[in-house]
Structure formats: structure tokens, C-alpha cells
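Asker: Here it is, the structure, as C-alpha cells.
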Amino acid sequence: MKKKEKRKISTTRWIATGFLIVILLGTFLLMLPSSSASGKSTGFIDALFTATTSVCVTGLTTVVTATHWSLFGKVVILILIQLGGLGVVCCMVAVLMLLRVKINMREKVMIQESYGLDSMRKITGIIPNVIKGTIIVELTGAIFYSFRFIPQYGFLRGVWYSVFHSISAFCNAGIDILGDNSLMDYSGDVLVNFTTMFLIIAGGIGFIVWWDVFSAIKKARKIGKFRGQIFCKLTLHSKIAISTTIFLIVSGSVLIFIFEYNNPDTIGNFGLLKKIIASLFQSVTTRTAGFAGVSQDGFRLYTYVVILVLMIIGGSPMGTAGGLKTTTVAMMFICVGSVIRGKKDVEVYNRRISSENIRTGLTVIVLGIAMLLAGIIGLSITDGFSGIATAYECTSAIATVGLSTGITPLLSIGGKLIIIIMMFIGRIGPITIAMAIGGKKGNNNDTRKLAEKKIIVG
């Protein structure tokens, strides 16, 4: 029993160490004179910050990516984004498979725990499917981007821009090479906005949901009842992830549209269609993507509250997004609803959610909020920015969003280090928390059952 538990912990530590190694390697490469456009070596802190934001697919930057880095530096950043989006485990196993090295039990355990799988059946087939799916989606996004970027920037530069932003959007990194305005110059562009939103949602919904949807489609086709049967055949996880994602995108868009309709600092001067697109894009990009369609320092206070909530929730598990995750938050609200209605069990879609899942979800939320508050307090001490700007920056970092009110380049060394730590925690946090603390039911030799007592709650 102890041996198995030790292996589980070491696996979690290996994943965290893997991310750290990639970050440090990226830092070294970005510090090379050839990585900067000026030909001068970039300072350690800025290189470390850029490497961390790339691997952790966050998008916060202390320097302008488009102008500070050379082509070599941008290629390094793109590789780090792709590695961070797919995950260390996925990339490691993919390399082993290319080298025709047999996947041992340790690698299989890491795959199982990284993707939250219940069994090891056909586990080696998961990685090729993830790689293939990623390539197809990113290639599709690059093709759509090319219809806008090639006419604007020429063939070679247009193709490069298309590939870079497709990978960045799918991995929910939010890093662009267009300049210091992100996608603000394309705020009314239907092609660029909807391509970006498609990539963000595809990456953030989670690889598990992909497979489940494709499997449901195949089953529906076999029985000849395609319409109305796909959703019913999905797993409980996929149903909650999809429904919560749709709800958050729609509700966020509506609230942002209403709150910012007459705000000249954001969407107030846009036409009706442009306002709708900008509101929808802002709602989607807050789901840990980080591309900015409008200036982030002009929102009204109540809009900031909506955006902060969306950022904290983030995307879905086993994807490229960060945050507390849609399924975790939805499960907690379902639990609250069950308590209010006086139900003993937590039920949704005619299924009962296990108490183990509820304990894990509660732990993730409590620890996530605790780390966020610690970061806000720390950044308030090191840097003297407003409360909203500080909360926005810290939430964006730990949820791996990448949106900022513009204070990131102005951070002190201490502030940059705090944000670096928060980005790292935000990227590996769901893994370390869910696996190390309560991801699976542990074996317990203690057969004691203590007497049950109640405490006064509320």
C-alpha cells in the first residue's frame, strides 16, 4: 500500500519538475543574444518571466513580444507554448513513441493520472489521438487566419503569423506577435475573432470531452438516431463541462454587453454588430485565453467583477485552459442546490456525484482561492497599484489567463517573481492538488470508524 502511494506522489512531483526544467531551459535560450531583436542578452528575470508565461500558457509579458524578440526568440516562445499546452507528460511520451521506446508502467501511470483516466486500457493510444487532434485543429485555425494575415502581411510573414497565433490561441496562451495592442485592431473582424474563439474553446474544453463527443457521434450514427441523441450519450463529465461552458460564455457576453454598452473606453463607440462581437470575444478570452479585443483598463467596476469570476472559473479539466475548472465550480453549485432542496445526495443529469469528487472539488476551490488571496496580498506589498489592477493581475496569473490592465511591464522584481510563482502554481495546481490530495481514492489500512457527531453550521 505504501509503495503505491509513494509512486503516486513521485509521479506528481515528476510532472511539476518536468515543467520547471522546461521553463529553466526556455529561460536559458531566451537569455541568448540571438533571441532578442537588439542582439543584446535579455535579463534573467524578464527571460524567466517570458519562459514561464509561455510554458504555463498564461500570456502576461514584461516586454512586447512582437518587437523585443528576434525570429529565433519567437520560435523558442512558440515551442514553449506548444509544450506547455500539450503538457510535459504528453510530449515526453510522444518522443518515446517516435523513438520506438516501449512505454513502461511508470509512463502509463503518469498518462493515466495526467488525463484523469479510470483504467489503463488502450492508454498508449491516447497520446497519438491528442497529437493528431491538436495538429488538425491548429492547422484549421492557421488556414482561417491566413485569409486575413497573408493579404495584409505577405505570404511568408502571413503564414508565420497564422501558425503562431493558431497555436497560441489553441493552447490558451494569449501571446501575440502583432504588437502591443494584441487583437484590438481586429475587434470588429468576424474572421479573426471567430477563428480565435473557436481555437480557445476547442483547447479549453478538454481532450476528454473531444473523445467523448466523437464517440457519442459514432454511437448515434450506428443506431440511426443522430439528432438529439449525442448529448444523451455523453458522460456526466462532458455534459457538465459543455453545459457550464455554454452558460458562462453566453451569460458573460450578455453582462459585458449590457454593462459596457455606453462605455466609450471599451465598446461604447462601436456599432451594434461590433459591440456584440467584442462582448462575446471578451467573455471567451477571459476563459484563460488572454487575447485582448478591447483595452482592459477601461472597464467599469461591475464589469471587472464579472471578468474576475470568469477568469477564476477558467476552462475545463484535461485541456489547455487554467482556472478552478468548469466542472469543479459547477459541481459545488449543484451541491449547494442539493442542500437547499434538502436532498441527501448530489444529483445531476440523473446521476449521483460521489462524495469523493465533492471533497476534491472543495479542496481545489479552497486552496485555489487561498493562493489567489496570498498573491494579491504579496503583490500589494511589493507594488503600489490599485486594488482592481492588483486583483486583476493576480487572478490573470493564477488562472493562466494573460489579460492585464497594463501593469505587467511596470512590476518590480519582487512583483514579477510573485506573478511567476502564481503562473507556475496555476499551471500545475490542478494536477498537484487533484492528484496528490484527493484525485483518487487512497488505500487506507485504518479500519477504525469513529462515532459520528454533528457541528453547528451556518
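Asker: Could you please let me know if K218 is of a type outside the set (A, V, I, L, M, F, W, C) and farther than 27 Å from I136 by Cβ?
Answerer: For K218, the condition - of a type outside the set (A, V, I, L, M, F, W, C) and farther than 27 Å from I136 by Cβ - is not met.
Asker: On to the next question. Considering G319, G314, G268, which residue is free of Cβ contacts under 8 Å to residues at least 24 places away in the same chain and under 25 Å from L191 (Cα atoms)?
Answerer: Going through G319, G314, G268 in turn, the sole match is G268.
Asker: Pick out the one residue from I307, I276, I249, I217 that is touching a helix residue (DSSP H, G or I) at 6+ places or on another chain (Cβ under 8 Å), more than 30 Å from T53 (Cβ to Cβ), in a helix (DSSP H, G or I) and among the hydrophobic types (A, V, I, L, M, F, W, C).
Answerer: I276
Asker: Kindly list, by first and then second residue, each pair from a residue in the stretch 21-40 that is under 18 Å from C56 (Cα atoms) to a residue that is of a type in the set (F, W, Y) and assigned to a helix (DSSP H, G or I), limited to pairs with Cβ atoms under 8 Å and residues at least 6 apart or on different chains.
Answerer: Here the result reads I23/F424; T27/F44, each pair linking the stretch 21-40 to a residue that is of a type in the set (F, W, Y) and assigned to a helix (DSSP H, G or I).
Asker: Also, quick follow-up: Just to be sure, is L362 at pLDDT 90 or above and either buried (at least 22 other Cβ atoms within 10 Å of the Cβ) or aliphatic (A, V, I, L, M) (or both)?
Answerer: Criteria not met by L362.
Asker: Being touching a residue at least 24 places away in the same chain (Cβ under 8 Å) and within 23 Å of the chain's Cα centre (by Cα) is the filter here; which residues of the stretch 340-368 pass it?
Answerer: Within the stretch 340-368, N357, I358, R359, T360, G361, L362, T363, V364, I365, L367, G368 qualify.
Asker: Kindly establish whether T328 is without any contact (Cβ under 8 Å) to a residue 60 or more places away in the chain and buried (at least 24 other Cβ atoms within 10 Å of the Cβ).
Answerer: It is true that T328 is without any contact (Cβ under 8 Å) to a residue 60 or more places away in the chain and buried (at least 24 other Cβ atoms within 10 Å of the Cβ).
Asker: Still on this structure: Inside the stretch 369-418, can you point out the residues that are surrounded by 23 or more Cβ atoms within 10 Å (Cβ to Cβ) and of a type in the set (D, E)?
Answerer: Within the stretch 369-418, just E393 meets the criteria.
Asker: Further question: Across the stretch 31-54, what is the total count of residues that are exposed (fewer than 13 other Cβ atoms within 10 Å of the Cβ) and either touching a strand residue (DSSP E or B) at 6+ places or on another chain (Cβ under 8 Å) or at positive phi (or both)?
Answerer: The number of residues fulfilling the criteria is 1.
Asker: G315 is checked against (1) within 17 Å of I369 (Cα to Cα); (2) modelled with pLDDT of 90 or more; (3) buried (at least 24 other Cβ atoms within 10 Å of the Cβ) and fails just one. What number does that condition carry?
Answerer: So the condition that G315 fails would be (2).
Asker: Could you tell me which residue of the stretch 406-421 is farthest from T50 (Cα to Cα), considering only residues that are in a helix (DSSP H, G or I) and touching a residue at least 60 places away in the same chain (Cβ under 8 Å)?
Answerer: I413
The values are calculated or read from the model by the stated rules, or taken from the named source; none is laboratory data. Computed from a predicted model, the values in this text were never measured in an experiment. FYI the Cβ positions are ideal-geometry reconstructions off the backbone, even for glycines, and counts take in every protein chain you see.
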